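Report on one structure; see the data block that follows.
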Amino acid sequence: LEKDAISAVLDVIEGGIRVDSGGEGHWLSSDLIRMEDGSTHTLLNAVWGKHGMDVLENLFDLTGEAAEDAFDKQLSRGKAFGSFLRKVDEQQSGARLLRRFPWDEDELPSPLDFADSLVKKGRADGIGTTTGMARKAKGDSNLAMGWAWLSSHGKGEGEAWHFDPDIRDKGGDWVPSLEVLWAASEAVAESGDTEAYVGAMENLRKASGTMQELPDA
(Lines give C-alpha, C1' and ligand atoms only; values in the text may rest on other atoms or scores of the structure.)
Protein backbone atom coordinates (compact mmCIF):
# COMPACT_ATOMS: atom_id res chain seq x y z
CA LEU A 1 0.00 0.00 0.00
CA GLU A 2 2.89 2.38 0.64
CA LYS A 3 4.11 1.91 -2.94
CA ASP A 4 0.57 2.50 -4.19
CA ALA A 5 0.43 5.69 -2.13
CA ILE A 6 3.68 6.92 -3.66
CA SER A 7 2.32 6.15 -7.13
CA ALA A 8 -0.76 8.21 -6.27
CA VAL A 9 1.47 11.10 -5.23
CA LEU A 10 3.54 10.87 -8.42
CA ASP A 11 0.32 11.06 -10.45
CA VAL A 12 -0.60 14.46 -8.99
CA ILE A 13 2.65 16.08 -7.90
CA GLU A 14 3.66 19.20 -9.77
CA GLY A 15 7.40 19.71 -9.96
CA GLY A 16 9.64 17.77 -7.61
CA ILE A 17 10.72 17.57 -4.00
CA ARG A 18 13.92 17.25 -2.00
CA VAL A 19 13.57 15.48 1.32
CA ASP A 20 16.39 16.35 3.71
CA SER A 21 17.89 14.18 6.44
CA GLY A 22 15.36 15.52 8.94
CA GLY A 23 12.45 14.39 6.80
CA GLU A 24 11.48 17.91 5.75
CA GLY A 25 10.27 18.36 2.19
CA HIS A 26 11.45 21.21 -0.03
CA TRP A 27 9.45 21.64 -3.20
CA LEU A 28 11.34 21.98 -6.47
CA SER A 29 10.36 23.40 -9.83
CA SER A 30 12.09 20.54 -11.66
CA ASP A 31 10.51 17.08 -11.97
CA LEU A 32 12.98 15.51 -9.59
CA ILE A 33 12.66 13.65 -6.29
CA ARG A 34 15.77 13.69 -4.13
CA MET A 35 15.93 11.91 -0.79
CA GLU A 36 18.70 11.63 1.78
CA ASP A 37 16.71 8.85 3.46
CA GLY A 38 15.31 6.37 0.94
CA SER A 39 12.36 5.11 3.02
CA THR A 40 8.81 5.28 1.71
CA HIS A 41 7.65 6.60 5.09
CA THR A 42 9.96 9.60 4.88
CA LEU A 43 8.74 10.54 1.41
CA LEU A 44 5.07 10.07 2.27
CA ASN A 45 5.49 12.04 5.47
CA ALA A 46 7.11 14.90 3.57
CA VAL A 47 4.32 15.15 0.98
CA TRP A 48 1.35 14.28 3.20
CA GLY A 49 0.43 17.85 4.09
CA LYS A 50 0.08 18.78 0.42
CA HIS A 51 -1.06 15.53 -1.17
CA GLY A 52 -2.49 13.38 1.62
CA MET A 53 -6.07 14.03 0.52
CA ASP A 54 -5.12 13.00 -3.02
CA VAL A 55 -3.73 9.71 -1.73
CA LEU A 56 -6.90 8.96 0.24
CA GLU A 57 -9.14 9.69 -2.72
CA ASN A 58 -7.06 7.85 -5.31
CA LEU A 59 -6.41 4.73 -3.22
CA PHE A 60 -9.65 4.42 -1.26
CA ASP A 61 -12.24 6.72 -2.89
CA LEU A 62 -12.28 8.46 0.48
CA THR A 63 -13.52 12.06 0.39
CA GLY A 64 -15.33 14.61 2.54
CA GLU A 65 -15.29 14.59 6.34
CA ALA A 66 -14.10 10.99 6.57
CA ALA A 67 -11.07 11.82 4.43
CA GLU A 68 -10.35 14.99 6.38
CA ASP A 69 -10.50 13.08 9.66
CA ALA A 70 -8.04 10.42 8.45
CA PHE A 71 -5.80 13.08 6.90
CA ASP A 72 -5.68 15.18 10.09
CA LYS A 73 -4.97 12.19 12.34
CA GLN A 74 -2.03 11.08 10.22
CA LEU A 75 -0.75 14.64 9.89
CA SER A 76 -0.73 15.16 13.66
CA ARG A 77 0.46 11.71 14.75
CA GLY A 78 2.82 10.76 11.94
CA LYS A 79 2.40 7.03 12.63
CA ALA A 80 3.93 4.43 10.33
CA PHE A 81 2.28 4.77 6.94
CA GLY A 82 2.08 1.02 6.40
CA SER A 83 -0.18 0.45 9.41
CA PHE A 84 -2.11 3.68 8.77
CA LEU A 85 -2.90 2.76 5.16
CA ARG A 86 -3.84 -0.82 6.10
CA LYS A 87 -6.27 0.47 8.72
CA VAL A 88 -7.91 2.84 6.25
CA ASP A 89 -8.11 0.02 3.70
CA GLU A 90 -9.81 -2.27 6.21
CA GLN A 91 -12.28 0.43 7.20
CA GLN A 92 -13.12 1.23 3.59
CA SER A 93 -13.45 -2.45 2.68
CA GLY A 94 -16.05 -2.80 5.42
CA ALA A 95 -17.84 0.34 4.30
CA ARG A 96 -17.91 -0.83 0.69
CA LEU A 97 -19.37 -4.16 1.77
CA LEU A 98 -22.13 -2.51 3.81
CA ARG A 99 -23.09 -0.27 0.90
CA ARG A 100 -23.92 -3.38 -1.13
CA PHE A 101 -26.82 -4.27 1.15
CA PRO A 102 -30.26 -3.03 0.05
CA TRP A 103 -31.27 -1.19 3.22
CA ASP A 104 -29.52 1.35 5.41
CA GLU A 105 -29.38 1.16 9.19
CA ASP A 106 -32.78 1.53 10.93
CA GLU A 107 -34.62 1.56 7.58
CA LEU A 108 -36.30 -1.80 8.23
CA PRO A 109 -39.03 -2.36 10.83
CA SER A 110 -38.08 -4.04 14.10
CA PRO A 111 -36.89 -6.76 14.59
CA LEU A 112 -35.88 -7.10 10.94
CA ASP A 113 -33.52 -4.15 11.29
CA PHE A 114 -31.72 -6.04 14.04
CA ALA A 115 -31.45 -9.16 11.88
CA ASP A 116 -30.04 -6.99 9.09
CA SER A 117 -27.49 -5.48 11.49
CA LEU A 118 -26.40 -8.92 12.69
CA VAL A 119 -25.94 -10.12 9.12
CA LYS A 120 -23.89 -7.06 8.17
CA LYS A 121 -21.75 -7.32 11.28
CA GLY A 122 -21.20 -11.01 10.65
CA ARG A 123 -20.15 -10.46 7.05
CA ALA A 124 -17.92 -7.49 7.83
CA ASP A 125 -16.23 -8.68 11.03
CA GLY A 126 -16.99 -12.37 11.47
CA ILE A 127 -19.68 -14.32 13.31
CA GLY A 128 -17.73 -14.25 16.56
CA THR A 129 -18.15 -10.49 16.85
CA THR A 130 -21.95 -10.77 16.86
CA THR A 131 -22.39 -12.87 20.01
CA GLY A 132 -22.41 -9.99 22.47
CA MET A 133 -24.56 -7.93 20.12
CA ALA A 134 -27.19 -10.69 19.96
CA ARG A 135 -27.09 -11.28 23.71
CA LYS A 136 -27.47 -7.61 24.66
CA ALA A 137 -30.33 -6.73 22.33
CA LYS A 138 -32.99 -4.35 23.64
CA GLY A 139 -36.63 -5.45 23.68
CA ASP A 140 -38.20 -8.89 23.53
CA SER A 141 -38.47 -9.05 19.73
CA ASN A 142 -34.83 -8.13 19.23
CA LEU A 143 -33.78 -10.57 21.94
CA ALA A 144 -35.77 -13.28 20.18
CA MET A 145 -34.00 -12.40 16.94
CA GLY A 146 -30.69 -12.51 18.79
CA TRP A 147 -31.51 -15.97 20.08
CA ALA A 148 -32.51 -17.10 16.59
CA TRP A 149 -29.22 -15.76 15.28
CA LEU A 150 -27.11 -17.57 17.86
CA SER A 151 -29.07 -20.78 17.35
CA SER A 152 -28.70 -20.59 13.58
CA HIS A 153 -24.91 -20.46 14.02
CA GLY A 154 -24.67 -23.30 16.52
CA LYS A 155 -24.15 -21.07 19.55
CA GLY A 156 -27.53 -21.59 21.22
CA GLU A 157 -26.50 -24.24 23.75
CA GLY A 158 -23.76 -22.15 25.30
CA GLU A 159 -25.80 -18.95 25.34
CA ALA A 160 -29.21 -20.29 26.43
CA TRP A 161 -28.88 -19.13 30.02
CA HIS A 162 -28.84 -15.50 28.84
CA PHE A 163 -32.37 -15.80 27.42
CA ASP A 164 -35.75 -16.41 29.05
CA PRO A 165 -37.61 -19.54 27.89
CA ASP A 166 -40.35 -17.46 26.24
CA ILE A 167 -37.72 -15.56 24.24
CA ARG A 168 -36.09 -18.81 23.16
CA ASP A 169 -39.44 -20.27 22.09
CA LYS A 170 -40.29 -17.17 20.08
CA GLY A 171 -36.91 -16.89 18.41
CA GLY A 172 -36.67 -20.60 17.77
CA ASP A 173 -39.46 -20.35 15.21
CA TRP A 174 -37.43 -17.81 13.24
CA VAL A 175 -34.25 -19.86 12.91
CA PRO A 176 -34.98 -21.43 9.49
CA SER A 177 -35.83 -18.07 7.90
CA LEU A 178 -32.79 -16.43 9.47
CA GLU A 179 -30.55 -19.20 8.15
CA VAL A 180 -31.85 -18.53 4.65
CA LEU A 181 -31.24 -14.79 5.11
CA TRP A 182 -27.63 -15.43 6.15
CA ALA A 183 -27.04 -17.72 3.19
CA ALA A 184 -28.52 -15.12 0.83
CA SER A 185 -26.22 -12.44 2.23
CA GLU A 186 -23.21 -14.20 0.71
CA ALA A 187 -24.26 -13.11 -2.78
CA VAL A 188 -24.68 -9.54 -1.54
CA ALA A 189 -21.23 -9.51 0.02
CA GLU A 190 -19.51 -11.08 -2.97
CA SER A 191 -21.24 -9.43 -5.93
CA GLY A 192 -23.88 -7.00 -4.70
CA ASP A 193 -26.71 -9.28 -5.90
CA THR A 194 -29.58 -8.46 -3.51
CA GLU A 195 -32.50 -10.35 -5.07
CA ALA A 196 -32.26 -13.45 -2.87
CA TYR A 197 -31.59 -11.32 0.21
CA VAL A 198 -34.72 -9.23 -0.32
CA GLY A 199 -36.78 -12.40 -0.79
CA ALA A 200 -35.30 -13.96 2.34
CA MET A 201 -36.04 -10.81 4.34
CA GLU A 202 -39.66 -10.93 3.19
CA ASN A 203 -39.89 -14.54 4.39
CA LEU A 204 -38.41 -13.52 7.74
CA ARG A 205 -40.92 -10.67 7.96
CA LYS A 206 -43.77 -13.15 7.61
CA ALA A 207 -42.21 -15.70 9.97
CA SER A 208 -41.69 -13.07 12.67
CA GLY A 209 -45.21 -11.68 12.32
CA THR A 210 -43.93 -8.22 11.40
CA MET A 211 -46.92 -6.32 10.03
CA GLN A 212 -45.08 -3.40 8.43
CA GLU A 213 -44.15 -4.00 4.80
CA LEU A 214 -40.53 -3.91 3.68
CA PRO A 215 -39.36 -0.57 2.28
CA ASP A 216 -38.29 -0.52 -1.36
CA ALA A 217 -34.86 -2.03 -1.84
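Residues that are in a helix (DSSP H, G or I) and surrounded by fewer than 20 Cβ atoms within 10 Å (Cβ to Cβ) within the stretch 183-204 comprise ALA183, GLU186, ALA187, ALA189, GLU190, SER191, GLU195, ALA196, VAL198, GLY199, GLU202, ASN203, listed in sequence order.
The set of residues in the stretch 53-106 that are modelled with pLDDT under 85, closer than 23 Å to ASP11 by Cβ and basic (Lys, Arg) contains only ARG96.
Looking only at residues in the stretch 139-168 that are aliphatic (A, V, I, L, M) and surrounded by fewer than 22 Cβ atoms within 10 Å (Cβ to Cβ), the one that is modelled with the lowest pLDDT is ALA160.
The lone criterion from (1) at pLDDT below 80; (2) under 18 Å from SER83 (Cβ atoms); (3) in contact with a Ser or Thr (Cβ under 8 Å, 6 or more places away or on another chain) left unmet by GLU36 is number (2). Just one of (1) farther than 15 Å from TRP103 by Cα; (2) free of Cβ contacts under 8 Å to residues at least 12 places away in the same chain fails for GLU195. It is (1). Residues in the stretch 52-73 that are of a type in the set (Asp, Glu) and part of a helix (DSSP H, G or I) were compared, and the one that is farthest from ASP4 (Cα to Cα) is GLU65. Of the residues making up the stretch 74-114, those that are surrounded by fewer than 16 Cβ atoms within 10 Å (Cβ to Cβ), in a loop (DSSP other than H, G, I, E, B) and small (Gly, Ala, Ser) number 2. Candidates are the residues of the stretch 120-136 that are surrounded by fewer than 24 Cβ atoms within 10 Å (Cβ to Cβ) and hydrophobic (A, V, I, L, M, F, W, C); the one that is farthest from VAL198 (Cα to Cα) is MET133. Of all residues in the stretch 169-181, those that are surrounded by 19 or more Cβ atoms within 10 Å (Cβ to Cβ) and under 18 Å from ARG135 (Cα atoms) total 4. Summed over the stretch 134-175, residues that are part of a loop (DSSP other than H, G, I, E, B) and farther than 15 Å from SER110 by Cα total 7.
The values are calculated or read from the model by the stated rules, or taken from the named source; none is laboratory data. The structure displayed is predicted, hence computed values, not measured ones. All Cβ positions, glycine included, derive from the backbone under ideal geometry; neighbour counts span all protein chains shown.
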